[in-house]
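One structure is given here, and the rest of the page talks about it.
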Amino acid sequence: MKIVLASASPRRREILAMACPDFDVRISNADESYSSDTPLDQIPKILAERKALCVPMEKNEIIIGCDTVVICGGELMGKPKGREDAIRMLEAFSGTEHLVVSGICVRTSDKIYAESVTSKVYMRELSREEIEKYVDLYEPYDKAGAYGIQELAGAFVSRIDGDFYNIVGLPLCRLTEIFKTELGVSLI
């Protein structure tokens, strides 16, 4: 079986390469809109499935779709629209907890497995100076929630509950479980 990642994310590619060094990438151009009444924690699952279904499939392939959102205080924190939006998001996380939810979809020629995986992130109190320095140095405009835990922002995180790689963008633990239990394929 050939594995195909339906994502343009370099972070997802790096994570998948740890478990499966030989895979293809086909970027999905799926519509990422959703209904305003969709529960926030279900949005990533819906989008991951949509991404996996939009990628053409060849014989004996497994397609992996993924999408990640950050939820804080009942608000969906997507990719920041600019510097001030990134600062606003990080200020909202300061001294509190938020959820990182990744939807994952594994598609074969005859089956589709889709679900959401949630990790809880606790950030220490952050000063405005720390936030601005981080945003100016890393320009996290391509990341949901305006930070990458694998970068300097990891110094802001006092604790996590859940899969670290889920927070980076691909829930590796659950992905390997799906391959093993549902497909009978070991990634590790």
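For the reader, a short list of remarks on this structure follows.
- If you go through the stretch 150-184 and keep only what is within 30 Å of Glu132 (Cβ to Cβ), of a type outside the set (Asp, Glu), touching a helix residue (DSSP H, G or I) at 6+ places or on another chain (Cβ under 7 Å) and not in a helix (DSSP H, G or I), you end up with Gln150, Ile160, Gly169, Leu170.
- Restricting the first member to the stretch 23-37 and to residues that are under 14 Å from Leu47 (Cα atoms) and at pLDDT 90 or above, and the second to residues that are of a type in the set (Ser, Thr, Tyr) and in a loop (DSSP other than H, G, I, E, B), the beta-carbon pairs closer than 8 Å and six or more apart or on different chains are Ile27/Ser7; Ser28/Ser7.
- Verdict on Lys59 being of a type outside the set (Ser, Thr, Tyr) and under 30 Å from Asp22 (Cα atoms): yes
- Once the stretch 74-120 is narrowed to residues that are out of contact with any helix residue (DSSP H, G or I) (no Cβ under 8 Å at 6 or more places or on another chain) and of a type outside the set (Lys, Arg), the residue that is surrounded by the fewest Cβ atoms within 10 Å (Cβ to Cβ) is Asp110.
- Candidate set from the stretch 125-142 (those that are buried (at least 19 other Cβ atoms within 10 Å of the Cβ) and within 20 Å of the chain's Cα centre (by Cα)); member that is farthest from Ser102 (Cα to Cα): Val135
- When Glu61 is tested against (1) closer than 28 Å to Met77 by Cα; (2) touching a residue at least 24 places away in the same chain (Cβ under 8 Å), just one condition goes unmet, and that condition is (1).
- The stretch 143-188, subset of a type in the set (Asp, Glu), surrounded by fewer than 17 Cβ atoms within 10 Å (Cβ to Cβ) and at pLDDT 95 or above, residue nearest to Ile71 (Cα to Cα): Asp161
- Residues located in the stretch 43-59, provided they are surrounded by 15 or more Cβ atoms within 10 Å (Cβ to Cβ) and out of contact with any Cys (no Cβ under 6 Å at 6 or more places or on another chain): Ile43, Pro44, Lys45, Ile46, Leu47, Arg50, Lys51, Leu53, Cys54, Val55, Met57
The values are calculated or read from the model by the stated rules, or taken from the named source; none is laboratory data. Fair warning: this is a prediction, and the values are worked out from it, not measured in the lab. Every residue, glycine among them, receives a Cβ derived from its backbone with ideal geometry; neighbour counts consider all protein chains shown.
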